[in-house]
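Trainee: Sending over a structure as structure tokens; questions will come in a sec.
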Amino acid sequence: MPPIEHYGIEWARRPTNEEMEHQWRITRPPAKSPMRLLILSHDITGCYTHFVHGRTRPHTSSNCEGCQNNRLPEWHGYLACLQSTNGLKWILEVTKGCAKALDEEFRTHRTLRGAIIEAGRTSSKVNGRQYVRVLSHAEQMDTLQKAPNLQPFLARMWQQRDQPLFNHEGVNDPIKIAEATSEPSATENREAS
Ligand SMILES: [Zn+2]
């Protein structure tokens, strides 16, 4: 029996090590002030997606849900990034308009890892056109943390609509979706095309 002073409560001085870690969260270039991010990924993880039933879904086949709803597939790219000012870890989602700057950077340096970028929008509207600009490069490459593999992260996020976004299988994975809400509201932030 626990001592009486525990009042029957399981006190915990701190959460688990895992819980104390910052989780990876999806973000998009913000409308207000641009984000300055350090890219950890070697290259872009990109795919075609549909905006269907108010959400971004992957284009999977010629008769996928989005294609059946006559939505044109649109490319999106994903990069694991570190926000150096606060140590937060982000999966940055960018639109096709950002791809050229990133592709050129990749061709020049043979990697995106270590690039310091500014990601923002050309207007202060939430659906303003996105841009990415390479500002400089990290000096200490050998101390950079490892980049996560984004394919399992995205695959899990895009599980079939009928399944939860976040399930028990994800608990022990190196990359976790911290909360189901980590997928930004697509309606709100969708870039005008
Ligand atoms: Zn499709």
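Trainee: Can you give me the distance in nm between label points at ASN63 and SER33, each placed 7 Å from the Cα along the Cα-to-Cβ direction?
Mentor: The two pseudo-label positions are separated by 5.2 nm.
Trainee: Here's something else I'd like to know. Can you compute the modelled spin-label distance between ARG110 and TRP11, with each label point 7 Å from Cα toward Cβ, in nm?
Mentor: Going by the 7 Å Cα→Cβ label model, 5.7 nm.
Trainee: Moving on. Using the 10 angstrom Cβ neighbour count as an exposure proxy, how do HIS6, HIS76 rank, fewest first? List each step's numbers first, then the result.
Mentor: Numbers: HIS6 10, HIS76 22.
So the residues, fewest neighbours to most, are HIS6, HIS76.
Trainee: Okay, next question. If r is the Cβ-Cβ distance from ASN86 to THR143 and R0 is 22 Å, what FRET efficiency results, to the nearest 0.05?
Mentor: On the way: r = 18 Å, r/R0 = 0.81.
Computed FRET efficiency for ASN86 and THR143 comes out at 0.80.
Trainee: Label points 7 Å out from Cα along the Cβ direction at GLU21 and CYS47: separation in nm?
Mentor: Once both label points are built, they end up 2.3 nm from each other.
Trainee: With a 10 Å Cβ neighbour count serving as the proxy for reagent exposure, in which order, fewest first, do TYR7, TYR48, TYR78 appear?
Mentor: Going from sparsest to densest Cβ surroundings: TYR7, TYR48, TYR78.
Readers should treat all values here as calculations from the given coordinates under stated rules, not as data from a laboratory. Everything quoted here is computed from the prediction, not taken from an experiment. Note that each Cβ is placed from the backbone with ideal geometry, even for glycine, and that neighbours are counted across all protein chains shown.
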